[in-house]
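To keep things clear, I will list the structure first and then write my remarks on it.
The values are calculated or read from the model by the stated rules, or taken from the named source; none is laboratory data. The shown structure was predicted, so the numbers you read here are calculated from the model rather than taken from an experiment. Note: ideal-geometry Cβ built from the backbone for every residue, glycine included; neighbour counts use all protein chains shown.
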Amino acid sequence: MIVFLCLHVEIVFVFFIVIFFIFGIIRRNKSKDFDLEVFKISSFIIIAVFYLLFSFYSEMDYSLIIECLDGDFYVSKFINLMKMFILCVFGIFILFFYFVKDEGFPYFEFVLLTFISILGGFILLMANNLMIIYVSLELQSLVLYVLPIISFVSGNWFKEAAFKYFIFGVIASSLILLGISFVYGFCGALNLHQLAHFFDFDKILNLEFRFLIGILFFLIGILFKLGVVPFHFWIADVYQGSPLTITFFFATIPKTALVFLFLKVFNIFFLSFFYNLVLFLGLLSIIYGTIIALYEVKIMRLFAFASISHVGYILIGMTQISVGSISNIVFYLFMYMLLVLTFFCILLNFRVSKGHGVFYIFTLTDLCNI
């Protein structure tokens, strides 16, 4: 009963995904308005899951934490709030993609893959076990490797972006898995609450070097996926080479789940060395992303380096370990999503009005006539 209470939203979501998949197989060649039917059903799924989350959220107290499966999963009011936040952004994203059909994407396959990615993000927010965190992270990431090349009109840019994202994503995943193996080899535990006991003040000096290296590899893998300097060299090429709507997805939903994963792990594995490292990388990301963006002439590369600087601000907020810093990070993420949404609305409007994509910054000078 506790397991269902803790995971009932994810169980229902999986059921909806299976039904959606069966519907697509049956109706694909039998309906003239197949994309419209897919849009209606996907909207129904989003609304239904959001209703479940909101009902669960309204019944919970802020101090209540529900754990299941020996503490490997947990849910709280804050986690439900973040799920609703992700689902709202995803709903806007699905709406955008339905009305922008000039990139040759099969709408059904695209919605199905993004549903799976959202499911991975939900599990990632709830996971309290390093191996479950890794599996859910890969469930989210494997979908992202496919998205840039499922277009019927995929060009060399799309293929290059997908290949680079796959290669660097595999490197980051390998670092995370290597770090988990070092941590488990030292303490024989994967649960985050159990690992937190190794960071008591009287035990820190007795930690083995391989344990600290394992945690360092794990954190570097997450920073790699976030695109933090100096692990950023893939992000500009991927953002530039991916279709516009796919870039919008890359920059919002997966990044939100990764930020809160890093926040959760960083709060547990808190040492002065990691504190100074994250603070330094945050400052470096802000300075580097801002300066390099000034010299970019392509819009997507400018946006990529701007996102690097935004992640730097979030990392600096994480170093202030307090309840207020968490609320500040949530507010900053909300404003970041609003900024990205506004930015992509402008680009989509330009593409619809001009009949082609907008790639260079000088094309935005038409805004002076508004």
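The numbered conditions (1) out of contact with any helix residue (DSSP H, G or I) (no Cβ under 7 Å at 6 or more places or on another chain); (2) within 19 Å of Leu119 (Cα to Cα); (3) modelled with pLDDT under 85 are all true for Tyr57 except (1).
With respect to the conditions (1) farther than 19 Å from Leu95 by Cβ; (2) at pLDDT 80 or above; (3) under 21 Å from the mean Cα position of the chain (by Cα), Leu7 lacks only one, and its number is (2).
In summary, Leu95 fulfils each of the numbered conditions (1) surrounded by 21 or more Cβ atoms within 10 Å (Cβ to Cβ); (2) aliphatic (A, V, I, L, M); (3) at pLDDT below 80 with the single exception of condition (1). The residue list Ile268, Ile361 contains one member that is modelled with pLDDT under 75, in contact with a strand residue (DSSP E or B) (Cβ under 9 Å, 6 or more places away or on another chain) and surrounded by 12 or more Cβ atoms within 10 Å (Cβ to Cβ), which is Ile361. Summed over segment 33-62, residues that are within 26 Å of the chain's Cα centre (by Cα) and in a loop (DSSP other than H, G, I, E, B) total 2.
To keep it simple, each residue is scored yes or no on (1) assigned to a helix (DSSP H, G or I); (2) modelled with pLDDT of 65 or more; (3) surrounded by 13 or more Cβ atoms within 10 Å (Cβ to Cβ).
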position: Leu315; (1), (2), (3): yes, yes, yes
position: Gly324; (1), (2), (3): yes, yes, no
position: Phe331; (1), (2), (3): yes, yes, no
position: Met337; (1), (2), (3): yes, yes, yes
position: Val340; (1), (2), (3): yes, yes, yes
position: Leu347; (1), (2), (3): yes, yes, yes
position: Val352; (1), (2), (3): yes, no, no
position: Gly357; (1), (2), (3): no, no, yes
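Residue count for segment 5-32 satisfying the condition of being outside any helix (DSSP H, G or I) and touching a residue at least 40 places away in the same chain (Cβ under 8 Å): 1.
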